[in-house]
Protein chains: 2
Amino acid sequence: MQRPAVDRRVAAIKALAHPSRLLIAETLMGGERCVCDLQALVGADMSTVSKHLSLMRAAGVLTCERRGLNIYYRLACSCLPEFLRCLDELAPEACGEGCCD
Amino acid sequence: MQRPAVDRRVAAIKALAHPSRLLIAETLMGGERCVCDLQALVGADMSTVSKHLSLMRAAGVLTCERRGLNIYYRLACSCLPEFLRCLDELAPEACGEGCCD
DNA sequence: CATCTATTTGGTATTTTTGCCAAATAGAGA
DNA sequence: TCTCTATTTGGCAAAAATACCAAATAGATG
């Protein structure tokens, strides 16, 4: 049973919509890392980090590969850097409350 | 007090990480719409739609403008179409469970 | 095979998000 | 000013997401 297009997109976006997960994705923009590296980076419980990674992989945002004792995660979403650059140009609530312009 | 960069990015991404909100954003890719149009589109309570719009505007993803009786919302994030196209190319959980490759 | 290490899974308490109703507001027009 | 319409806000119950602990798993290695 195929999920509707919107839901698949939402799942991928949700996979990036959390501080720890976005930090992971940003880090992986610089190349693959093993889970232990990512847990050190995020600073949360290992199980928490693992669940974040599973969620991101299920959404298609990451792929992983075992090598020796470690499992290495990699970013599957090549468009992330440009998207983040674009987001940084937005002006969040730049005009106070109410409807601006 | 400036929010850290990661949090601003997360806020913008969260603003898109909900079926109704993504539907709104996708619709606005085709040009501005008034709140009433968007509520008809989404099919939820007017107050619910309004809160989604506020959240998206606070995150910088939308801007709005009053004209006559209506308020028109517009997409501020020009990179959305390309980002969505990119997401559609991901292969969510294409390889069953466990670590693939 | 026994064990060790890295990672995942199950379970649950806590926090956050969501959605509706009712009430408030803001501006347009009589 | 009074009223009407479109939209927002406040409040709260229900649903979803998050984080930790403990236990399980999967390979690697002795």
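Every read-out reported here was derived from the displayed coordinates using simple, explicitly stated rules and does not represent laboratory data. Note that the structure is predicted; figures quoted are calculated from it, not measured. Backbone-built Cβ (ideal geometry, glycine too); neighbour counts: all protein chains shown.
Things to note:
- Scope region A:1-57; condition among the basic types (K, R) and over 15 Å from the mean Cα position of the chain (by Cα); matching residues: A:R3
- Number of the condition not met by B:R8 [criteria: (1) at the interface with chain A (Cβ under 9 Å from one of its Cβ atoms); (2) touching a Leu at 6+ places or on another chain (Cβ under 7 Å)]: (2)
- Residues that are crowded, with 18+ Cβ neighbours inside 10 Å, within 12 Å of chain B (Cβ to nearest Cβ) and within 8 Å of DNA strand C (Cβ to nearest atom), drawn from region A:35-68: A:L53, A:R57, A:C64
- Conditions (1) buried (at least 21 other Cβ atoms within 10 Å of the Cβ); (2) away from every other protein chain (no Cβ under 11 Å); (3) under 25 Å from B:E82 (Cα atoms); (4) touching a helix residue (DSSP H, G or I) at 6+ places or on another chain (Cβ under 7 Å): number failed by A:M29: (1)
- Residue list for region A:12-26, restricted to those being among the hydrophobic types (A, V, I, L, M, F, W, C), at the interface with another protein chain (Cβ under 9 Å from one of its Cβ atoms), within 13 Å of DNA strand C (Cβ to nearest atom) and part of a helix (DSSP H, G or I): A:I13
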